[in-house]
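Have a look at the structure below before the remarks.
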Amino acid sequence: MVIKRIEPLQCAKVVGTLYALLGFIIGLLFTLFALGGIGAGTLPFGAIFGIGAVILLPLLYGCIGFIMTLIMTGFYNLVAGWVGGIVLQVE
(Lines give C-alpha, C1' and ligand atoms only; values in the text may rest on other atoms or scores of the structure.)
Protein backbone atom coordinates (compact mmCIF):
# COMPACT_ATOMS: atom_id res chain seq x y z
CA MET A 1 0.00 0.00 0.00
CA VAL A 2 1.41 3.39 -0.99
CA ILE A 3 0.15 6.67 0.49
CA LYS A 4 0.30 8.99 -2.51
CA ARG A 5 -1.88 11.81 -1.21
CA ILE A 6 -3.26 13.02 2.10
CA GLU A 7 -6.38 15.20 2.22
CA PRO A 8 -4.94 18.29 3.99
CA LEU A 9 -8.11 19.70 5.57
CA GLN A 10 -9.38 16.38 6.95
CA CYS A 11 -5.97 15.46 8.32
CA ALA A 12 -5.56 18.92 9.87
CA LYS A 13 -8.97 18.62 11.58
CA VAL A 14 -8.05 15.28 13.12
CA VAL A 15 -4.58 16.36 14.24
CA GLY A 16 -5.86 19.74 15.47
CA THR A 17 -8.42 17.94 17.63
CA LEU A 18 -5.76 15.58 19.00
CA TYR A 19 -3.52 18.52 19.86
CA ALA A 20 -6.43 20.31 21.55
CA LEU A 21 -7.00 17.22 23.73
CA LEU A 22 -3.29 17.13 24.52
CA GLY A 23 -3.41 20.83 25.40
CA PHE A 24 -6.34 20.17 27.74
CA ILE A 25 -4.41 17.43 29.54
CA ILE A 26 -1.33 19.64 29.85
CA GLY A 27 -3.55 22.52 30.99
CA LEU A 28 -4.96 20.30 33.75
CA LEU A 29 -1.44 19.45 34.87
CA PHE A 30 -0.53 23.15 34.89
CA THR A 31 -3.62 23.80 37.00
CA LEU A 32 -2.71 21.11 39.51
CA PHE A 33 0.84 22.42 39.83
CA ALA A 34 -0.31 26.05 40.01
CA LEU A 35 -2.84 25.33 42.74
CA GLY A 36 -0.71 22.85 44.66
CA GLY A 37 2.63 24.60 44.61
CA ILE A 38 1.65 28.07 45.71
CA GLY A 39 1.75 29.90 49.01
CA ALA A 40 -1.30 31.29 50.77
CA GLY A 41 -0.50 34.86 49.65
CA THR A 42 -0.48 34.04 45.91
CA LEU A 43 -3.67 31.97 45.75
CA PRO A 44 -5.64 34.20 43.35
CA PHE A 45 -2.74 34.37 40.88
CA GLY A 46 -2.24 30.58 40.93
CA ALA A 47 -5.95 29.92 40.45
CA ILE A 48 -6.21 32.37 37.57
CA PHE A 49 -3.07 30.94 35.96
CA GLY A 50 -4.33 27.38 36.34
CA ILE A 51 -7.80 28.08 34.96
CA GLY A 52 -6.27 30.13 32.15
CA ALA A 53 -4.03 27.20 31.25
CA VAL A 54 -7.03 24.87 30.93
CA ILE A 55 -8.69 27.32 28.52
CA LEU A 56 -5.71 28.77 26.65
CA LEU A 57 -3.50 25.71 26.10
CA PRO A 58 -6.13 23.60 24.25
CA LEU A 59 -6.89 26.57 21.99
CA LEU A 60 -3.23 27.24 21.28
CA TYR A 61 -2.28 23.59 20.79
CA GLY A 62 -5.33 22.91 18.62
CA CYS A 63 -4.84 25.95 16.38
CA ILE A 64 -1.10 25.47 15.95
CA GLY A 65 -1.54 21.73 15.33
CA PHE A 66 -4.25 22.43 12.73
CA ILE A 67 -2.25 25.06 10.87
CA MET A 68 1.04 23.15 10.88
CA THR A 69 -0.63 19.91 9.77
CA LEU A 70 -2.41 21.74 6.97
CA ILE A 71 0.93 23.15 5.77
CA MET A 72 2.83 19.88 6.17
CA THR A 73 0.24 17.75 4.35
CA GLY A 74 0.47 20.19 1.46
CA PHE A 75 4.25 19.73 1.45
CA TYR A 76 3.82 15.96 1.75
CA ASN A 77 1.53 15.86 -1.27
CA LEU A 78 4.06 17.88 -3.27
CA VAL A 79 7.03 15.71 -2.29
CA ALA A 80 5.06 12.44 -2.65
CA GLY A 81 4.37 13.42 -6.26
CA TRP A 82 8.12 13.68 -6.85
CA VAL A 83 9.37 10.60 -4.99
CA GLY A 84 6.33 8.31 -4.86
CA GLY A 85 4.98 8.55 -1.32
CA ILE A 86 5.28 6.35 1.77
CA VAL A 87 5.04 2.57 1.43
CA LEU A 88 3.09 0.77 4.19
CA GLN A 89 2.95 -2.98 4.62
CA VAL A 90 -0.35 -4.08 6.15
CA GLU A 91 -1.31 -7.61 7.19
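The values are calculated or read from the model by the stated rules, or taken from the named source; none is laboratory data. Bear in mind the structure is a predicted one, so any value in this text is a computation, not a measurement. Here the Cβ is made from the backbone with ideal geometry for all residues, glycine too, and neighbour counts use every protein chain on show.
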Per-region count, the range 6-35, residues more than 16 Å from the chain's Cα centre (by Cα) and closer than 29 Å to residue 87 by Cβ: 2
Within the range 61-91, considering residues that are buried (at least 16 other Cβ atoms within 10 Å of the Cβ) and within 9 Å of the chain's Cα centre (by Cα), the one nearest to residue 8 (Cα to Cα): 66
All positions within the range 1-31 that are surrounded by fewer than 17 Cβ atoms within 10 Å (Cβ to Cβ), not charged (D, E, K, R) and not in a helix (DSSP H, G or I): 1, 2, 3
Residues within the range 35-60 that are of a type in the set (Val, Ile, Thr), modelled with pLDDT under 85 and surrounded by 15 or more Cβ atoms within 10 Å (Cβ to Cβ), tallied: 2
